[in-house]
């Protein structure tokens, strides 16, 4: 009887470990384009301006032209770095998915006197056929943002980092 109970316990442990292996997160993130993108001024005030460098956004879309594929860029106002990414493994039907981004960089004091060494945002993206494609980056609109060193961008879903890329401002 003891051997049967021992066998059942070991079998249950084995099956639960196999089940854990099979339940790995199916989400995958691929960065497929990156570098210097076309610059244009489009300042959109942020609702919580103290949470965003300079209190404004400068969005760009998937159609924004890639000028040069590089991970090194000049410390120059009017520069825009970014990357395009694809997340796969989502449900096939269109569904809202909460995606967040984090940027870590050498610290600077923005035009409003606020210190930043990182910045995060999130929004809902809609999956199409089990995937999301998007572009993300940073636009250097003010001299105060020209902080040389490593700028690292991360894409997150819930508490899991899906992918990241680093650029160096020189």
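The values are calculated or read from the model by the stated rules, or taken from the named source; none is laboratory data. These numbers were taken from a predicted model, which means no experiment stands behind them. Heads up, the Cβs are rebuilt from the backbone with ideal geometry, glycines too, and the neighbour counts pull from every protein chain shown.
Assorted remarks:
- Pair list, Cβ under 8 Å, 6 or more apart: region 138-156 residue at positive phi, other residue buried (at least 20 other Cβ atoms within 10 Å of the Cβ) and not in a helix (DSSP H, G or I): 149/105; 149/169
- Residues being surrounded by 12 or more Cβ atoms within 10 Å (Cβ to Cβ) and over 18 Å from the mean Cα position of the chain (by Cα) - total across region 77-93: 2
- Scanning region 75-93 for residues that are closer than 21 Å to residue 61 by Cβ and part of a loop (DSSP other than H, G, I, E, B) gives 78, 90.
- On inspection, residue 154 fails the criterion of being touching a strand residue (DSSP E or B) at 6+ places or on another chain (Cβ under 6 Å) and outside any strand (DSSP E or B).
- Test for residue 144: is it modelled with pLDDT under 95, surrounded by 14 or more Cβ atoms within 10 Å (Cβ to Cβ), over 9 Å from the mean Cα position of the chain (by Cα) and not in a strand (DSSP E or B): yes
- Lone unmet requirement of (1) at pLDDT below 95; (2) in contact with a strand residue (DSSP E or B) (Cβ under 6 Å, 6 or more places away or on another chain); (3) not in a loop (DSSP other than H, G, I, E, B) for residue 161: (1)
- Residue match in region 94-105 (condition: touching a helix residue (DSSP H, G or I) at 6+ places or on another chain (Cβ under 7 Å), surrounded by 13 or more Cβ atoms within 10 Å (Cβ to Cβ) and not in a strand (DSSP E or B)): no
- Residue count for region 44-76, restricted to those that are at pLDDT below 70, surrounded by fewer than 14 Cβ atoms within 10 Å (Cβ to Cβ) and closer than 21 Å to residue 151 by Cα: 2
- Of the candidates 109, 132, the single residue that is in contact with a strand residue (DSSP E or B) (Cβ under 9 Å, 6 or more places away or on another chain), closer than 21 Å to residue 37 by Cα, surrounded by 12 or more Cβ atoms within 10 Å (Cβ to Cβ) and at pLDDT 90 or above is 132.
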